[in-house]
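K.L.:
What follows is a single structure, and I will ask about it in a moment.
The values are calculated or read from the model by the stated rules, or taken from the named source; none is laboratory data. Note that the structure is a prediction, hence the values are computed from the model and not measured. Cβ sites come from the backbone with ideal geometry, for glycine too, and all protein chains shown count toward neighbours.
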Amino acid sequence: MMQKDYPNNVISLIPKIADRKTVSPQEKGVNRRSNTRIIAITSGKGGVGKTSIVANLGYAFGQLGKKVLILDADLGLGNLDILLGLAPKYNLSHVITGEKKMTEITLEGPGNIKILPASSGIQELTLLTTKQRDHILAELDLLIEPVDILLIDTAAGISSNVMHFNAAAQEIIVVVAPEPTSITDAYALMKVLSINYSEKHFKLLVNLAANSSEAYEVFRQLSMVADRFLDISIEYIGNILFDEKVAEGVRLQKIVTQVFPHTQASRCFASLAKNMDKSPPRPISGGRYQSLL
Ligand SMILES: Nc1ncnc2c1ncn2[C@@H]1O[C@H](COP(=O)(O)OP(=O)(O)OP(=O)(O)O)[C@@H](O)[C@H]1O
Ligand SMILES: [Mg+2]
């Protein structure tokens, strides 16, 4: 297996995902040898704000002094670089073909964040083989050591790429908007991750709500159905309120938290980062982390 080719003093992101159905969350933790916190941001339904959240949460963590790396795992339609006004010459497609190493495609973003850009418009990348995906994760292992937080921006949907990157993370944040289709798709995503990948713990972040009670109601509905039909736990980690400045930031290709730090959404991002910083995944022996159980 490819993992053997890499030094064993680095974090391992390859929890035998090829036969993931048999891998427990504990096993994931056992392989990890660093304190890097690995968080996937995912959604089921598209367009609910994953990429905006990854960029802003990453920036907010950076403001807290954390070294942040963002992996754009929306491999066929990556647009994190556009959101940040970056123009990468190389991207993850070059790592997959073996032309470049991760270090050679890493971009400096604003604040304390670094970005691994994806490509856009290469359809084959939406259907990577297990070997290709493991290659990305193994390459990532080689540079991840000095990183405090790795954020993974997944594609929408329940493709094997999406599942694979979620399964590689310690924490899975499911982003949901207050609308029935988004709620249904978030449920479907958690169902597949639970049944096929043994993921039992999810964090829920409601985006685009008008106010906190509307956001909490989304959590209540989802957890009620999940309690009844799925063997999972959902932790509510808060909300990012609808804020026109987010779209304005996108048009300016700047992070809203950076250019409009006092606007409503920026305040939500800052407090989300602070709260998450206060509740890291439980460490296991040797200072390593495992998934929250
Ligand atoms: N809190 C918010 N308030 C207002 N607009 C928002 C907010 N969050 C995201 N948006 C807007 O929603 C749109 C979609 O956001 P984004 O691209 O981040 O979603 P996504 O989930 O990554 O989409 P995809 O599934 O296509 O990758 C963008 O135009 C963005 O400006
Ligand atoms: Mg996106």
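K.L.:
In the stretch 46-67, how many residues are closer than 30 Å to T181 by Cα, more than 13 Å from ligand 2 (Cβ to nearest atom) and either among the polar types (S, T, N, Q) or surrounded by fewer than 23 Cβ atoms within 10 Å (Cβ to Cβ) (or both)?
P.N.:
Looking only at that region, the number is 0.
K.L.:
So in the stretch 153-198, with the set limited to residues that are over 27 Å from K131 (Cβ atoms) and among the polar types (S, T, N, Q), which one is farthest from ligand 1 (Cβ to nearest atom)?
P.N.:
T184
K.L.:
Among the candidates I237, I173, I149, single out the residue that is within 16 Å of ligand 2 (Cβ to nearest atom), of a type outside the set (G, A, S) and in contact (Cβ under 8 Å) with a residue 24 or more places away in the chain.
P.N.:
Result of the check over I237, I173, I149: I173.
K.L.:
Is it the case that some residue within the stretch 26-40 is within 16 Å of ligand 2 (Cβ to nearest atom), part of a helix (DSSP H, G or I), modelled with pLDDT of 95 or more and under 22 Å from I234 (Cα atoms)?
P.N.:
Scanning the stretch 26-40, I find no residue that is within 16 Å of ligand 2 (Cβ to nearest atom), part of a helix (DSSP H, G or I), modelled with pLDDT of 95 or more and under 22 Å from I234 (Cα atoms), so the answer is no.
K.L.:
Scanning the stretch 68-78 for residues that are of a type outside the set (G, A, S), more than 11 Å from the chain's Cα centre (by Cα) and crowded, with 21+ Cβ neighbours inside 10 Å, which turns out nearest to ligand 2 (Cβ to nearest atom)?
P.N.:
The extreme case among them is L75.
K.L.:
Follow-up question, since we're still on this one. Pairs please, first residue from the stretch 88-100 and in a loop (DSSP other than H, G, I, E, B), second anywhere and among the acidic types (D, E), Cβ atoms under 6 Å, 6+ apart in sequence or on different chains.
P.N.:
Listed by first residue and then by second, the contacts come to P88/D81.
K.L.:
Whether any residue in the stretch 150-171 is more than 18 Å from I237 (Cα to Cα), modelled with pLDDT of 95 or more, in a helix (DSSP H, G or I) and of a type in the set (S, T, Y) is what I want to check.
P.N.:
No, the stretch 150-171 contains no residue that is more than 18 Å from I237 (Cα to Cα), modelled with pLDDT of 95 or more, in a helix (DSSP H, G or I) and of a type in the set (S, T, Y).
K.L.:
Now, a different point. Just the residues that are on the phi > 0 side of the Ramachandran plot and either part of a loop (DSSP other than H, G, I, E, B) or surrounded by fewer than 17 Cβ atoms within 10 Å (Cβ to Cβ) (or both), please, taken from the stretch 219-256.
P.N.:
Q253
K.L.:
Does V259 fit the bill of being modelled with pLDDT of 95 or more, in contact with a helix residue (DSSP H, G or I) (Cβ under 7 Å, 6 or more places away or on another chain) and surrounded by 19 or more Cβ atoms within 10 Å (Cβ to Cβ)?
P.N.:
It is false that V259 is modelled with pLDDT of 95 or more, in contact with a helix residue (DSSP H, G or I) (Cβ under 7 Å, 6 or more places away or on another chain) and surrounded by 19 or more Cβ atoms within 10 Å (Cβ to Cβ).
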